[in-house]
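Undergrad: The structure that follows is given in the form of structure tokens.
The values are calculated or read from the model by the stated rules, or taken from the named source; none is laboratory data. Computed from a predicted model, the values in this text were never measured in an experiment. Virtual Cβ from ideal backbone geometry, glycine too; neighbours counted across all protein chains shown. What goes into the accessible areas is simple: the full protein's heavy atoms, side chains included, and nothing from ligands, DNA or RNA. Shrake-Rupley method; radii C 1.70, N 1.55, O 1.52, S 1.80 Å.
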Amino acid sequence: MSSNADTTTTTTATGLPYDRVWNFSAGPSVLPLSVLEEVQRDLLNYKGTGMSVMEMSHRSKVYDDIINGAEATLRRVLRIPDNYAVIFMQGGGTGEFAASYLNLFACKSVRDKQRKLGRPLTCDYIVTGTWSKGGLKEVKRLGGKTNVVVDGVKAADTGTVSYSSLASVPEWNLGKPEETAFVYYCENETVHGVEMPSSLVVDAVDPSVPVICDMSSNMLSRPIDIKRFGAIIAGAQKNMGPAGVTLVIVRKDLLEREEPDTEAVLGVPSVLDWKYYASAGSMPHTPPTFAIYVCGLVFKWAEEMGLEALERLRDARAGLVYGMMDAHPEFYRG
């Protein structure tokens, strides 16, 4: 096949270029076609370097420009304030279940609050599906003191469970601010299909308590008021790029530690240590270079599209899917 045929966009019986299918996978999920085409063009020889991004040193000037450019673009797209660190990590959402707890309990402000209280602080969890439930279980495994603010599980007559509703905020069991280390929730549960608007949680939580949010599956789909969160975690594979990268956006004061604080440092494995990664520009060791490169291209695509336009597109697509479900109750339960 000629190089022209490789790069010419043609539609087929599916109605999509390159005989591609309609991909509704939650993750790894579909990527913008223009991004895939750019990756294809530069796969063997990136910008005249004579090598693929997969082959180049992460310590090279070329790759330094790639990773720094990805961060700079994301900061513009999400309007990330300067007092927040952007970190490219690995380990997925599961790794961040543990990292969130360990890093918060290593930070100076949380440790000061705990000393003042004289007993362990509580970790508040809003449970709306599989992933928030997984975060809760992980902290319990690590010995953390947990409080379930609200649990969206509904027991049906058949004995099955679903996460199809949530109690109103006045019914939530939020811990006292002086006794709470953080509040954790997953904004969009891909398994059970529950999405919570950011304002519902951040408006309910005392501003002195950091809110940690898993935004893996709806990141880059709408504007976010970053400054209302202590930390945002997101696996790239749902909306930002290939599997292998986990994004962490964390307020810098939550990276502050008492120096030297051997006890705090010993409690956080290096591979989960936000401060360790932030201090090394996300590269204390070889990062997932190719995945970060693709994420950077997606960030540029999102910047060109605009988050407001992407939100309108998201809502229109959701309307098509849920409209079909509601129109056929004999097959679907919406």
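Undergrad: Just to confirm my filter: which helices (runs of 4 or more DSSP H) fall fully inside segment 16-127 and include at least 3 residues that are closer than 18 Å to T246 by Cβ?
TA: Numbers: elements: 33-42, 61-78, 92-106, 108-117.
Helices (runs of 4 or more DSSP H) meeting the threshold: 61-78, 92-106.
Undergrad: Could you list, ordered by first residue, the pairs with Cβ atoms under 9 Å in which the first is in segment 322-334 and of a type in the set (K, R) and the second is assigned to a loop (DSSP other than H, G, I, E, B) and at pLDDT below 90, at least 6 apart or interchain?
TA: Close Cβ pairs satisfying both conditions: R333/S164.
Undergrad: Name the single residue, out of those in segment 87-121 being β-branched (V, I, T) and buried (at least 19 other Cβ atoms within 10 Å of the Cβ), that is nearest to G267 (Cα to Cα).
TA: First, the residues of segment 87-121 that are β-branched (V, I, T): 87, 94, 110.
Narrowing further to those that are buried (at least 19 other Cβ atoms within 10 Å of the Cβ): 87, 110.
Values: I87: 20, V110: 14 Å.
The residue in question is V110.
Undergrad: For segment 260-334, please list each of the helices (runs of 4 or more DSSP H) lying entirely inside it that holds at least 3 residues being at pLDDT 90 or above and surrounded by fewer than 11 Cβ atoms within 10 Å (Cβ to Cβ).
TA: 307-327
Undergrad: For residues that are closer than 10 Å to V209 by Cβ and out of contact with any strand residue (DSSP E or B) (no Cβ under 7 Å at 6 or more places or on another chain), scanning just segment 163-186, find the one that is least open to solvent (accessible area, probe 1.4 Å). Before the answer, list the steps.
TA: So in segment 163-186, the residues closer than 10 Å to V209 by Cβ come out as 174-183.
Pick out the ones that are also out of contact with any strand residue (DSSP E or B) (no Cβ under 7 Å at 6 or more places or on another chain) and you get 176-178.
On the way: K176: 117, P177: 43, E178: 102 Å².
Checking each candidate, the answer is P177.
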